[in-house]
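The values are calculated or read from the model by the stated rules, or taken from the named source; none is laboratory data. Please read these numbers as outputs of a predicted model, since none were measured by experiment. Please note: Cβ atoms are built from the backbone with ideal geometry, for glycine as well, and neighbour counts cover all protein chains shown. Areas reflect the complete protein model, heavy atoms only, side chains present, ligands, DNA and RNA absent. Shrake-Rupley method; radii C 1.70, N 1.55, O 1.52, S 1.80 Å.
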Amino acid sequence: MIATKDIYKSFDEKTVIDDISVTFDAGKTNLIIGRSGSGKTVFMKILIGLLRPDSGQILYNGRNLPSMRKKELNLLRREMGMLFQGSALFDSMTVLENVMFPLTMFTRDTWKEREKRANFCLERVNLEEAGHLYPGEISGGMMKRAAIARAIALNPKYLFCDEPNSGLDPKTSLLIDDLIHDLTTEYNMTTVINTHDMNSVMNIGEKIIFINEGKKEWEGTKEGIMNSNNQTLNDFVFASDLFKRIKEVENIMYEEG
Ligand SMILES: Nc1ncnc2c1ncn2[C@@H]1O[C@H](COP(=O)(O)OP(=O)(O)OP(=O)(O)O)[C@@H](O)[C@H]1O
Ligand SMILES: [Mg+2]
């Protein structure tokens with residue numbers, strides 16, 4: 001579990017994260033949603049220790065990240081898998097070498113052991129055939145899966161994904177969502193996903209945090225999100241015509257009994 005307490009961050013006196021307190025549960029896909037510029041990426045960078053908050057705590061099973069010493073922080077980093085906007089694979093390495101990379105960095109395993117683990121992860125994301133190819137030779141969806149394989153190579157306790165579906169078509173997005181969700185359950189990871197994709201919200205939103213202008217405006221489940229009375233949340237959710245129509249149909253069905 002990860003818990004934040006009153007996380008505050010400003011850049012040049014402009015508040016970007018305004019006293020956010022949340023918990024992210026293990027074995028669940030925890031989604032952070034909000035408009036472009038609302039602070040999702042900054043908040044995720046704070047969670048993983050890439051940015052330092054001005055104040056507040058980030059507790060990893062009770063251990064506060066901002067007050068960790070370098071050694072403890074490095075140990076914690078080893079327990080984190082990350083998937084950033086874009087897939088950020090190394091173009092000069094094959095898919096297999098990309099997945100082996102964190103193992104090379106963080107373990108003393110032999111080449112054979114690392115190759116075995118990397119191939120296992122590639123199989124898990126249905127990419128066992130593509131290990132010898134370079135990122136430039138595979139599709140966007142395959143790159144995402146390769147990046148997921150790399151993110152889980154070290155068997156992380158925590159998985160962070162910033163807009164995992166950016167640039168993917170709706171069907172491939174659903175497959176990537178399902179994959180992240182399945183891995184989260186299978187390995188009991190605490191997974192945090194930034195998204196503004198309402199399809200993802202309805203597909204895998206087990207816990208949803210809605211951030212608006214740096215503040216936590218609402219939290220709940222995908223079941224709760226359609227029936228919320230929060231106007232700011234509704235403006236975000238029903239900005240898409242599809243979800244407005246779903247709501248209308250639901251209302252008609254409700255009225256008809
Ligand atoms: N290093 C920085 N220095 C100054 N301001 C920053 C920095 N990083 C982010 N910001 C500002 O913080 C705000 C939140 O940005 P952030 O990238 O977290 O938004 P986001 O919710 O991830 O948006 P998107 O959905 O477009 O990815 C923006 O106003 C941005 O300009
Ligand atoms: Mg972002």
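In the context of the full set of protein chains, the chain has a per residue accessible area of 51 Å² (1.4 Å probe). Each label point was placed 7 Å from the Cα along the Cα-to-Cβ direction; for residue 79 and residue 185 their separation is 2.4 nm. Each of the peptides 6-16, 51-61, 179-189, 25-35 was scored by the mean count of other Cβ atoms within 10 Å over its residues; in descending order, highest first, they stand as 25-35, 179-189, 51-61, 6-16.
In the chain, what % of DSSP beta bridges are antiparallel (nearest 5)? DSSP beta bridges in the chain are roughly 50 percent antiparallel. With R₀ set to 51 Å, the beta-carbon distance separating residue 54 from residue 256 gives a calculated FRET efficiency near 0.45. When only Cα pairs below 8 angstrom with a gap of at least 6 residues are kept, the stretch 1-159 shows a relative contact order of 22 percent. Tell me the carbon and sulfur percent of the accessible area for the stretch 1-126, rounded to whole percent, probe radius 1.4 Å. That share works out to 50 percent. Across the stretch 203-208, rounded Karplus estimates of 3J(HN,Hα) from the backbone phi angles (6.51 cos²θ - 1.76 cosθ + 1.60, θ = phi - 60°) give 7, 10, x, 6, 9, 10 Hz, Gly and Pro being marked x. Computed over the alpha-carbon pairs of the stretch 27-160, the distance histogram in 5 Å steps reads 2, 10, 18, 20, 17, 15, 12, 6, 2, 0 percent, short to long. Taking a ≥ b ≥ c as the square roots of the eigenvalues of the alpha carbon gyration tensor, the chain is oblate, as a/c is not under 1.5 and a/b does not beat b/c.
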